[in-house]
Every structure is written in structure tokens, then in C-alpha cells.
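Reviewing the structure listed below.
FYI, it's all coordinate maths here, none of it is from the lab. Please read all numbers here as calculations on a predicted model, not as lab measurements. Positions of Cβ are generated from backbone atoms using ideal geometry, with glycine treated the same way; all protein chains shown enter the neighbour counts.
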Amino acid sequence: MSAFTGKKIVVIGGSRGVGRQVVEAAARSGGRVLSVARDQAALDALKRDVPGVQVLALDASDERAPSRVFEVFQPDVMVLCAGAFPPAAPLHEQTWAQFAVNWEADVKIAFHFIKAALSQPLVAGSSVVLVSSGAALGGSPISGGYAGAKRTQIFIANYAQKESDRLGLGLRFMTLAPRIMPDSDLGRHAVAGYSRYLRMSEADFVRSMGSAPSPSDVARAAIELATTAEQHKGKLFVVSGKGLESVTG
């Protein structure tokens, strides 16, 4: 029997990148998968490519989004991957709207869906895996409020675990903080921005990162946490090309 046989899995931001990789892996593992994203065309392509996957197009940062998702089905596992591209310019070259873009998307998505998981609530034993960013730990000087927003996502997941434990809900919240993924759209955006900022070639910048993860590495990590959630609940993990590493903070 596969790890997710009979399980309902919701992937927020599931049409491309890490989210799509999670959708494909969860479907291969026997799960009933709902992929949620804004781009209907990308969702339609996913549905053609991965038989049996359900799709739902919506803006996940809308406060009504969790209710719409949970009306389709309440997940046993929810993976939150969605977010906005950050700017790629030094602080003094940004507008406030550019600086705040990830607060208005990434943080809102984490807030609304994790609040809903606690207040609906999801059934005891359900797991939520939040994909944040390694920038939350080390900062990111050309991406505006991105690092702070991703750090706040980590706080939200941590607070949620404490509330689940305090209220006896039996939910498990875990966070992944992937290093830059040069093979992802977001990673290519970051590599291009930092190579310009540091005045070095993109190839040299990628080499300077050491062992970088791929979207499939991060997806495998999300699946691993979801299937071993009880022993990892409340924890934060960095993901590099070498795999998962538990961290404090």
C-alpha cells in the first residue's frame, strides 16, 4: 500500500514548481489530490498530465479561499507552496508596494489557511506542511520584505502547533526552508537578480551556493514530513541538495 492511499491531499500553489512536484508525487503515492492555484491554464495542463488530480482556480490570499477549498474536501495533508515573486533590487530602489508584495501574498496565504485549519478545524491527525524559504534564516538584501515575510510564515506555523497542542486538536504543523533552487522559476529569478547585484556570472553565483536543492528535492522533503508527521510536528527544516536538516528557530 502506498503512503497516501486513501488520503486527501491539498496543495496550495500546486500548478508549477515545487507545488506541481508535490502533486505528482502525492498522486503516485495513491492520494486523492486537489491542486489549487490562480492560473486556470496551468491547472488544466496539470490535469491533463496527471490523471485523477482535481483542480481549483482561485486567489489563495483571499480570506474566503480556505472555505472554498474545504468545500471540495477537507484534507488529511495540506501543503502550502503558493506565493508571489519578490522584487530583485536593493532596498532604496523599491517602492513600498514592491517591498510588501510577499506580505500581501505569502503571509496572507499562510495566515488564512492555517487559521482555517485550527478553527474549522481539520480532523485530528491531519498535517500541514508549509514551504517557506531559506531566506527566512539568512536574509535576502535585494528581495524587499521577502525574507521577513517568509520568517513570519515560520512563526505562524509555530504558533499554530502550540495552539493545536493547547486545544488538544491533534494537528501537526511543519515548515520547510529550501535554499535557492536554480532550476525553479523563482530560483532563476533570484540567481539573475543576485548575479547582477554582485556583478558576477550566473554560473559563478550558482557554484558559490554549494549543494542547491531542486524542486523535486523539496517535494520529496514535503512528502517525507507529511508521512512521518507525528515525530516531526512543530519543527523547521532546511532543505539543500543534501536533503533535510532540522534547525532551531
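Give me the Debye-computed log₁₀ of I(q)/I(0) at q = 0.07, 0.08, 0.15 Å⁻¹ for the chain, equal point scatterers on Cα only, no solvent, two decimals. At q = 0.07, 0.08, 0.15 Å⁻¹ the computed log10 ratios are -0.21, -0.28, -1.02.
Given a 10 angstrom Cα cut-off, can you work out which residue in Gly193, Gly17, Gly134 is the most mobile in a GNM of the chain? Comparing Gly193, Gly17, Gly134 in a Gaussian network model of the chain, the most mobile one is Gly193.
Using Cβ counts within 10 Å as a stand-in for footprinting exposure, how do Arg16, Arg220, Arg64, Arg188 rank, fewest first?
With the fewest neighbours first, Arg16, Arg220, Arg64, Arg188 line up as Arg64, Arg188, Arg220, Arg16.
Using C-alpha pairs under 8 Å with a sequence gap of at least 6, the mean separation divided by the residue count of the chain gives a relative contact order of 18 percent. Springs join every pair of Cα atoms under 10 Å in this Gaussian network model of the chain, and among Ala124, Ala135, Ala147 the largest mean-square fluctuation is at Ala124. Taking label points 7 Å from Cα along the Cα-to-Cβ direction, Lys115 and Arg28 give a separation of 3.7 nm.
For an R0 of 41 angstrom, estimate the FRET efficiency from the Cβ-Cβ distance between Lys162 and Gln40 and round to the nearest 0.05.
Numbers: r = 37 Å, r/R0 = 0.91.
E(calc), rounded to 0.05, equals 0.65.
For the chain, the longest principal axis of the C-alpha atoms and the axis of helix 40-49 are separated by about 70°.
Annotation: the residues Glu63, Glu24, sorted from fewest to most other C-beta atoms within 10 Å of their own C-beta, follow the order Glu63, Glu24. For region 216-249 versus region 86-121, the spacing of their alpha-carbon centroids is 22 Å. Which angle from 0 to 90°, rounded to the nearest 10, does the C-alpha axis of helix 17-28 make with the longest principal axis of the chain? Here the helix axis deviates by roughly 30 degrees. Computed from Cα atoms, the angle from the helix 215-227 axis to the main principal axis of the chain rounds to 30 degrees.
Which of Lys8/Lys47; Lys7/Lys150; Lys8/Lys233; Lys47/Lys235 have a Cα-Cα distance over 25 Å?
Beyond 25 Å: Lys7/Lys150; Lys47/Lys235.
Taking a virtual spin label 7 Å from the Cα of Arg188 along the C-beta vector, which residues in region 8-31 bring their backbone nitrogen under 13 Å of it? Output list for this probe position: 17.
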